[in-house]
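Before any comments, here is the structure.
Any read-out appearing in this document is the output of simple, stated calculations on the displayed coordinates, not a laboratory observation. Since this is a predicted model, take the numbers as computed values, not measurements. Virtual Cβ from ideal backbone geometry, glycine too; neighbours counted across all protein chains shown.
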Amino acid sequence: MGIAIELFLENRAEEELREIGSRLAAAGLGEDLFAQGTRPHLSLAVYDGEVDLDRLESTLQAFAAETPALRVTMASLGCFRTEEGVVYAAPDVTEALVEAHGAYHALAAEFAPVLRSYYRPGAWAPHCTLAMGLTAEQTDEALVRLAEWYRPGEVQVETAAIVRFRPHPIRTLAQFPMGGGGPPA
C-alpha cells in the first residue's frame, strides 16, 4: 500500500496547477496526473508499507487542529532527475513551512519505519509535482514550457489529507481543515 500525507491548496491555485499539468500531458510530457485523481498538493510524508490507518487519521487530525493554514509563495520550478523523472513547482521554504513539517513528523514518529527517506525532516524538498515519468529530454522540454506558462504566486495551504495512491485508484481517505484557531502563518 502507498499512503501520502498531503497538504491541499486553495481552489484557485489548484485550478491553475491542474491546467498546467493538463497542458504538459497534452504536449506529450508525462501523464495527466490530475486527471487520474491526484490533487495539486505538497506532500509532508509518503509511506511505503503498512500503517494503522485509524492511528494515522487520529495523528493527522491532531496535526491539522494544531497547525494554522499556511500562506506560501510558489516561487520556483524544478526537477528531480531520478528514475521517476519529475518536474514541479516549489514553494519558498519558510520557517512556518519547515515548522509544520517538523510538527507533523513529531506527532507521527511511530510511522517513521515506513517513511520514504525523501520526506524525513532535514531531507524534505517541498514541491508540487506537475508531471512525472519523464525522460531527461522530456524533463528539459517540460521545464522550457513551464518557464513560459507558470507564474509564481502566493497560495494558501488549507487542508491536510491522507491519500492512498497505491493500489489505484487514487483515493482521499480522510481530510481535515487546517486552522489551529489563528490566521495563516
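Observations
- Qualifying residue in the stretch 156-164 (condition: surrounded by fewer than 16 Cβ atoms within 10 Å (Cβ to Cβ) and either touching a strand residue (DSSP E or B) at 6+ places or on another chain (Cβ under 9 Å) or not β-branched (Val, Ile, Thr) (or both)): no
- Complete set of residues in the stretch 100-133 that are in a helix (DSSP H, G or I) and without any contact (Cβ under 8 Å) to a residue 24 or more places away in the chain: 102, 106, 109, 112, 117
- Within the set 55, 18, 39, the sole residue that is part of a helix (DSSP H, G or I), touching an Asp or Glu at 6+ places or on another chain (Cβ under 8 Å) and under 20 Å from residue 171 (Cβ atoms) turns out to be 55.
- Scope the stretch 74-111; condition of a type in the set (Gly, Ala, Ser), within 20 Å of residue 160 (Cα to Cα) and surrounded by 13 or more Cβ atoms within 10 Å (Cβ to Cβ); matching residues: 89, 90, 96, 100, 102, 103, 108
- Residue ID - nearest to residue 165 (Cα to Cα), chosen from residues in the stretch 113-151 that are aliphatic (A, V, I, L, M) and exposed (fewer than 12 other Cβ atoms within 10 Å of the Cβ): 125
- Within the stretch 70-86, the set of residues being on the phi < 0 side of the Ramachandran plot, assigned to a loop (DSSP other than H, G, I, E, B) and in contact with a helix residue (DSSP H, G or I) (Cβ under 8 Å, 6 or more places away or on another chain) comprises 81 only.
- Pair list, Cβ under 9 Å, 6 or more apart: the stretch 73-91 residue over 13 Å from residue 40 (Cα atoms), other residue assigned to a loop (DSSP other than H, G, I, E, B) and aromatic (Phe, Trp, Tyr): 77/150
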